[in-house]
Amino acid sequence: VLMKKVILVVSLALTLATFASADIYVKAKIHTDPVSIMGQTQPAKDYFSEQWIGDDKFANISPDQSSIIDLKKNVIYLISHNEKTYIEATLPLDITKLLPPEMAQMASMMKITVTVTPTGQTKTIGQWNCSEYDVSMTMMMMPMKMKVYASTDVPFDFSKVMEKMYSNVLKAQMRLDDTSLQEFTKIKGYWIASETTMEMMGSKGRTTMEVVEISKKSPDSSVYSVPAGYTKTDKLSMKGM
């Protein structure tokens, strides 16, 4: 009986240790429609992205680009897998300091306006109950529309993740200022699915995202690290952007 109790206590301790070291893992499928701009055609693209959410670290990983946040070091790493380069920037992120010279002056004139409107509609996507939001964005007279489905029915408090980490990722990926970022906080919960449509130079583009997995896992040591052999740079390249 004593041996059984010891085994039970050890098993429970191991289970708790494993649970304590586990991070939130999110896997999403992304689809981009084909688009033609100024005679150049970009084919349709399908891929998966991954997010890892820890207590003081965050990673957003996709085939072309990744971003890693380390709150202990107070830095964000922006990684280009195509070019095998990365940028290390201090938080809070000022994306304008990372732009190439040919974009720096233009960036000062590029103001993104964002309007988020809850529709009051709900929808079940996968296993998550979601609320619907309409998002309108405009940059240099170019309109973008988003339909976002967000859920609070997830195993973590996304508002805290947004405040601590995800806001920096949005700033980097979407070139948002603080005013536009604040508008996005109207979306309550984690983004389970979205559809983005835009028009540019007479061409229409559409991208969809849908989460297929949210679980707790212990990350590999490489998840929160810049890949070996990548070169450090101090500016975003046009190709990298």
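Give me the percent of the accessible area of the range 122-241 that comes from carbon and sulfur atoms, probe 1.4 Å, all protein chains in place.
Numbers: 3420 of 6690 Å².
Carbon with sulfur: 51 percent of the solvent-accessible area.
Rounded, prolate or oblate for the range 139-241? Axes are the square roots of the Cα gyration tensor eigenvalues, ordered a ≥ b ≥ c, and the cut-off for rounded is a/c under 1.5.
Working: a/c = 1.66, a/b = 1.10, b/c = 1.51.
Oblate, because a/c is 1.5 or more while a/b does not exceed b/c.
In sequence order, what are the phi-derived ³J(HN,Hα) couplings for the range 55-69 according to the Karplus relation 6.51 cos²θ - 1.76 cosθ + 1.60 with θ = phi - 60°, rounded to whole Hz, with x for glycine and proline?
5, 9, 9, 8, 9, 10, 10, 9, x, 8, 9, 9, 9, 10, 10
Full extension from THR185 to THR152: what is 0.36 nm times the residue separation minus their Cα-Cα distance, to one decimal in nm? Before the final figure, lay out each step's value.
Working: separation 33, 0.36 × 33 = 11.88 nm, distance 1.32 nm.
Between THR185 and THR152, full extension yields 10.6 nm more.
Treating the Cα atoms of the range 39-173 as identical point scatterers in vacuum, please give the log10 of the normalised Debye intensity I(q)/I(0) at q = 0.14, 0.21 Å⁻¹, two decimals.
After summing over all Cα pairs, the log10 values are -0.90, -1.48.
Counting only heavy atoms of the protein chains, get the accessible area per residue of the range 136-241 (1.4 Å probe) and round it to a whole Å² value.
Working: 5910 Å² over 106 residues.
The answer is 56 Å² per residue.
Rounded, prolate or oblate: which fits the range 195-241 when a ≥ b ≥ c are the square roots of the eigenvalues of the alpha-carbon gyration tensor, with rounded for a/c under 1.5 and prolate only if a/b beats b/c? Provide the component values of the computation, followed by the final result.
Working: a/c = 5.17, a/b = 1.28, b/c = 4.05.
Oblate, because a/c is 1.5 or more while a/b does not exceed b/c.
If each residue of separation counts as 0.36 nm, what is the full-extension length gain between THR138 and GLN121 once their alpha-carbon separation is subtracted? Don't jump to the answer; show the numbers that get you there.
Numbers: separation 17, 0.36 × 17 = 6.12 nm, distance 2.40 nm.
Result for the pair: 3.7 nm of gain on full extension.
With an 8 Å Cα cut-off and a minimum separation of 6 or more residues, compute the relative contact order for the range 168-220 in percent.
On the way: 29 pairs, mean separation 11.8, N = 53.
Worked out over the range 168-220, it gives 22 percent.
Computing the accessible area with a 1.4 Å probe over protein heavy atoms, can you report the carbon and sulfur percentage for the range 48-87?
Numbers: 780 of 1720 Å².
C and S atoms contribute 46 percent here.
Among LYS73/LYS216; LYS27/LYS188; LYS27/LYS217; LYS147/LYS217; LYS186/LYS216; LYS84/LYS216, which pairs are too far apart, with a Cα-Cα distance over 18 Å? Could the numbers behind the result be given before it?
On the way: LYS73/LYS216 24 Å; LYS27/LYS188 20 Å; LYS27/LYS217 12 Å; LYS147/LYS217 29 Å; LYS186/LYS216 26 Å; LYS84/LYS216 29 Å.
Distance filter (> 18 Å) returns LYS73/LYS216; LYS27/LYS188; LYS147/LYS217; LYS186/LYS216; LYS84/LYS216.
The values are calculated or read from the model by the stated rules, or taken from the named source; none is laboratory data. These numbers were taken from a predicted model, which means no experiment stands behind them. The area values use the complete protein model at the heavy-atom level, side chains included, leaving out ligands, DNA and RNA. Shrake-Rupley method; radii C 1.70, N 1.55, O 1.52, S 1.80 Å.
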